[in-house]
1. So how far apart, in nm, are the two label points at ARG274 and THR52 if each is 7 Å from Cα heading toward Cβ?
2. For the stretch 77-190, what ratio Rg/Rh do Cα atoms give with a Kirkwood hydrodynamic radius?
3. Considering only GLU116, GLU282, GLU92, give the residue with the highest GNM mean-square fluctuation for the chain, with springs between Cα atoms whenever their separation is below 10 Å.
4. So what is the diffusion coefficient of the chain in µm² per second by Stokes-Einstein at 4 °C and 1.567 mPa s, using a Kirkwood Rh over Cα pairs?
5. How large is Rg over Rh for the stretch 140-265, taking Rg from the Cα atoms and Rh as the Kirkwood inverse mean of 1/r across Cα pairs?
6. Counting C-alpha atoms alone, how compact is the stretch 1-144: give Rg to one decimal and Dmax as a whole number, in angstrom.
7. Put a dot 7 Å past each Cα toward the Cβ at GLU107 and LEU316; how far apart are the dots in nm?
8. Mind listing which GluC sites (Glu not before Pro) in the stretch 1-81 are in a DSSP loop and have 15 or fewer other Cβ atoms within 10 Å?
Amino acid sequence: MNETRRAILEALADGPVSGPALADALDVSRAAVWKHIEELRDADFEIESGSTGYELAAVDAYNGPAVEFGLEAPFSVEYHDSIGSTNDRARELAAAGATDVAVLADEQTGGRGRLEREWSAPSGGVWVSVVARPDLTPPEAPLYTLAAAVATARAAREAGVDARIKWPNDVVVPEGDDGSYRKLAGILTEMEGEVDRVQWLVVGIGVNANVDVDDLPPEANATSVREEAGDVDRRVFVQRLLEEFDRYRTDLESVLPAWRDLALTIGQRVRVERQSGTVVGEAVDVTDAGALVIETTDEEGADGRVAVSAGDCEHLRPV
Ligand code: BT5
């Protein structure tokens, strides 16, 4: 958002303030103030005008300017009512050199999960993809995914949901205490880079926020913020998500401790399907690079430890 417009908005939030007083304080013409106020109204900011001046009544809108207003993280926000995939759009922006942009949509018509799976993204969810250009090597990139999982789980917990993390990138709500869960959110990280340096990352986060579970794929065993805790103010939710993500990505050493605190997978019996084969055992930790450490017992009863860096993880019932 343009600096003058942001300053006007901040003054209106502390209002009422008159047009001439705003013009004087910001050293612009009264006509310019009027034009900014009209454009803010066009962006759905509710601005009342009374005898003592203008005042910001409420920020109920869910769009780029509304999410940027009051956001304590350095992202600009590009909003779409409907788009194919926010990750696709973010990749375009990344390839054109952008950084610290969050692409946000009310609905996606071609949302993607990992391995070309479909991601269902009806209106009412929080579908957002962040473009970043971190100073990382490709093997360190999974830390960004873990940071996004921590940020998502924390934002959901603030909204009253008992959100936990299932390795590596699912935010889930536990059911009972045997490791069962329903999926609240998923994360898809894509990147471009050379062997020793990441050029850009796109971290796509999809949260079933104000969504009916009946509108999600039945086989997905999904849940939503609406289902768990009632509807959330999505503007505030995305702001908290982006702020937490920014906090962890700028302090990567704090990611793993925070991840472990929220992990549902540690201590579970798991089966991980990876390209090179299946591993079954007890998940005991994550490594510094975010790989899951599994304690296995083979058919002869010999113990071993395997670190798995990528794959689909299933929680098994205790034996
Ligand atoms: C993921 O994949 O969990 C990553 C999802 C990332 C979605 C975000 S939304 C913003 C950005 N733009 C995009 O296009 N994508 C990202 P994966 O672990 O592969 O899980 C996919 C599986 O989850 C599917 O095969 C379904 O079974 C299930 N699923 C689909 N839609 C779901 C939903 N809304 N909630 C829960 N589960 C879902």
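Read-outs throughout are calculated quantities, based only on the coordinates presented, and are distinct from any laboratory measurement. Predicted model, so just to flag it, every value in this text is computed and none were measured. Cβ placement follows ideal geometry from the backbone for every residue including glycine, while neighbour counts extend to all protein chains displayed.
1. 6.5 nm
2. 0.97
3. Highest fluctuation of the listed residues: GLU116.
4. Details: Rh = 21.1 Å.
Approximately 61 µm²/s, per Stokes-Einstein.
5. Over the Cα atoms of the stretch 140-265, Rg/Rh equals 0.98.
6. Both quantities, over Cα of the stretch 1-144: 18.8, 61 Å.
7. Taking the two extended label points, one gets 4.3 nm.
8. GLU72
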